[in-house]
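Written out below as structure tokens is the structure these notes cover.
Values in this text are rule-based calculations from the coordinates and carry no lab data. These figures come from a predicted structure and were not determined experimentally. Glycine also receives a Cβ, built like all others from the backbone with ideal geometry; neighbour counts cover every protein chain displayed.
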Amino acid sequence: MRFSKFFIPTLKEAPSEAEITSHRLMLRAGMIRKLSSGIYSYLPLGLMAIRKVENIIREEMNRVGAQEVLLPLVQPAELWKTSGRWHRYGKELLRLKDRHNREHCLGPTHEEVITNLVRYEVRSYRDLPLNLYQIHTKFRDEIRPRFGLMRCREFIMKDGYSFDIDDEAAEETYKIMYEAYERIFDRCGLVFRVVEAETGTIGGSFSHEFMAVSDVGEDTIVYCKNCSYAANIERAEVKNYSISEEKQRPIKEVYTPGYKTVEEVTSFLNVGPERIVKTILYLSDGKPLAALVRGDHEINESKLLRLLGCESLNLAPPDVIKEITGADVGFAGPVGINIKIVADNAIKGMRNFISGANRTDYHFMNINPGRDFKVEIFGDIRFIKEGDLCPKCGGELEFKRGIEVGHVFKLGTKYSKALRATYLDKRGKEQYIVMGCYGIGVGRTLAAIIEQNHDEHGIIFPLSVAPFSIYLLPIDLKDPEILNTAEKIYKKLRERGFDVLYDDRDVSPGIKFKDADLIGIPIRITLGRYLKEGKIEIRLRRSGETRIIPLNELELTLEKIFKYGTH
Ligand code: ATP
Ligand code: MG
């Protein structure tokens, strides 16, 4: 490609709204442009990189026998009503009506559509297994689109779905897909961790997330320094709890005028937050519930939801809190309230703690579980935190930020039951198909690659996803020798199948060098003053390693670089 003809509007400065490096660099390198909040156009350079990522995904999916399909973006509401997600999905689902006033949505994910397709086509066990995927646009009306392609509303996703005869076969497929994902992200040049994850609105029995390690990641991942345990913080289990040896003291009411939060109460009573118990009131499937966690712990609503096995869990509104406690918000406690109490495991071992007295401006001291109130369910309902131990081996844990680039779920029969996707087994008996689903955010993966591969001058593309592998940079095209040689090299390299970006612009060498670094093409060939001696310069973007070689050794040198990499 000749730079002079290439639609690549590079920028000196990124627009101020770009908060993270990958977003800034993708704008500056002319890869993407924003149309509206969370909605982007891909320009040629950006699309070329996207296609490289897609092709790695495609190759690895095809290798494990997955077959590519393309499913509709616009989906009828009926299907979503059948699965129950029309109501449950919430505002991320963009709903629209056609000219006949029929309700539709833009697909945020495709479990419904694919299960619907398969239920009509699969009859017997002979038609299974099936593993289908697509690389297509998704729409999710995210509440806070940000960070460019990292979290947008319209984005490209690879989504795959597997259909097996039973759990055992489904788990085998899951394993194969998991390994394919490891190869995909390895080939993309990402440093990543695979973690146990929550199943969220997609549902299902278990899942893993593929997390690119990065400080700008929105997720926190926890992994053990000692064993293989790794989990999303949402999911990470807490197993270490201590039992206090203290003797029970008589309960006592104290006046705490206006002191409501843990910070206020601890400083007023001059105690540590680990002496306090927070009482949080919820409506679980509409019924009131008190959840208790220690003052220095944070409640984890996904764990609570899972423990309760309920459909919905919402914080109780102030009027309900007042009705239950008979006090202002901020003074709820477990003693004397007449609703179901669920407590974190840590509470079991606590003695003489402080909590609200269900009376405005009062707290109780020396509360003891069992003696002063009854807990219906004890469980792990809090977030793990620094200092907690590995739930698997008791080892020390490490906390890092991660970008979720991929997610695999074992769905089980959730969607096949809802949509009645069945097959006839060997005995002619009707069985539900066992499903799995597998997503990769293509744009987010590219953004994560840039996040992990850049310096102060710009992007440093790994060869595997670089839009071009070679940047041909003649420093002065007015010099006929340079011009002729550049044209010759360009032609020859293209004939040999190398993808070359030829900077044939009539601009200063400084601008060319800057753009070359910004765009981050792995190999730069510079034609300058050495040409008089029959020599050219080859520079690797990543290491900065520069070699002056005779012109006739160019191809051999390139072959070596492609063989051994650009590190
Ligand atoms: P998140 O927790 O980040 O919102 P998710 O759990 O909703 O992600 P999935 O439904 O598992 O995501 O979607 C599969 C993949 O699609 C994710 O792993 C991620 O890489 C990508 N993805 C999800 N939402 C977005 C988005 N708003 N913008 C870009 N990529 C996204
Ligand atoms: Mg999401």
Given Cβ point charges of +1 (Lys, Arg) and -1 (Asp, Glu) and nothing else, what value in debye, to the nearest 20, does the dipole of the stretch 252-379 about its Cα centre take? 440 debye
Which one, Gly497, Gly439, Ile561, projects farthest toward the positive side of the charge dipole computed for the chain from Cβ point charges (K/R +1, D/E -1)? Gly497
State the answer as a single residue: which of Val118, Ile165, Pro145 lies farthest towards the positive end of the charge dipole of the stretch 105-191, with beta carbon charges of +1 for Lys and Arg and -1 for Asp and Glu, about the Cα centre. Pro145
Take Lys535 and Gln248, extend 7 Å from each Cα along the Cα→Cβ direction, and tell me the distance between the two endpoints in nm. 8.8 nm
Mind giving me the FRET efficiency for Glu237 and Phe268? R0 is 35 Å, r the Cβ-Cβ distance, nearest 0.05 is fine. 0.55
The equivalent-ellipsoid semi-axes of the stretch 252-379, taken as the square roots of five times the Cα gyration tensor eigenvalues and listed largest first in whole Å, are 22, 16, 13
All aspartates and glutamates inside 18 Å of Lys81 as judged from Cα atoms, apart from same-chain residues fewer than 8 positions distant: Glu92, Asp98, Glu103, Glu111, Glu112, Glu311
37 °C / 0.692 mPa s Stokes-Einstein diffusion coefficient of the stretch 468-564, Kirkwood radius on C-alpha pairs, µm²/s: 247 µm²/s
Would you mind telling me the antiparallel percentage of the DSSP bridges in the stretch 468-564, rounded to 5? 55 percent
Dipole of the chain, positive direction: furthest Cα of Leu419, Met211, Val320, with charges on the beta-carbon: Leu419
Calculated FRET efficiency for the pair Leu313/Arg33, C-beta based, R₀ 35 Å, to 0.05: 0.30
Loop trypsin sites (Lys or Arg not before Pro), the stretch 1-62, which have at most 10 other Cβ atoms in a 10 Å radius of their Cβ (DSSP): Lys12
Sequence gap at least 6, Cα distance under 8 Å: using those rules, report the relative contact order of the chain to the nearest whole percent. 17 percent
Inter-label distance, nm, simple model (7 Å from Cα along the C-beta direction), Ile548/Lys560: 1.7 nm
Just to be sure I understand: of the beta bridges DSSP finds with both ends in the stretch 252-379, what percent are antiparallel, rounded to 5? 65 percent
Calculate the length of the line joining the C-alpha centroid of the stretch 80-148 to that of the stretch 254-330, in whole Å. 37 Å
Using Cα centres only, tell me the gap between the stretch 520-567 and the stretch 423-485 in whole Å. 23 Å
Sites Arg144 and Leu483 - FRET efficiency at Förster radius 56 Å, r taken between beta-carbons, to 0.05: 0.65
For the residue pair Glu495 and Lys392, what label-to-label distance in nm results when each label sits 7 Å from Cα along the Cα-to-beta-carbon direction? 5.6 nm
Taking the reciprocal of mean 1/r across every pair of different Cα atoms in the chain, the Kirkwood radius in Å is 27.4 Å
What does the charge dipole of the chain about its Cα centre add up to, to the nearest 20 debye, if the Cβ of each Lys and Arg holds +1 and the Cβ of each Asp and Glu holds -1? 760 debye
Calculated from DSSP H runs of 4 or more alone, at -39500 (n - 2.57) each and per residue, what is the 222 nm mean residue ellipticity of the chain, nearest 500? -8000 deg cm²/dmol
Mind sorting Glu196, Glu386 by how few other Cβ atoms lie within 10 Å of their own Cβ, fewest first? Glu386, Glu196
Under a Cβ-only charge scheme (Lys and Arg +1, Asp and Glu -1), can you give me the dipole magnitude of the stretch 468-564 about the Cα centre, in debye to the nearest 20? 240 debye
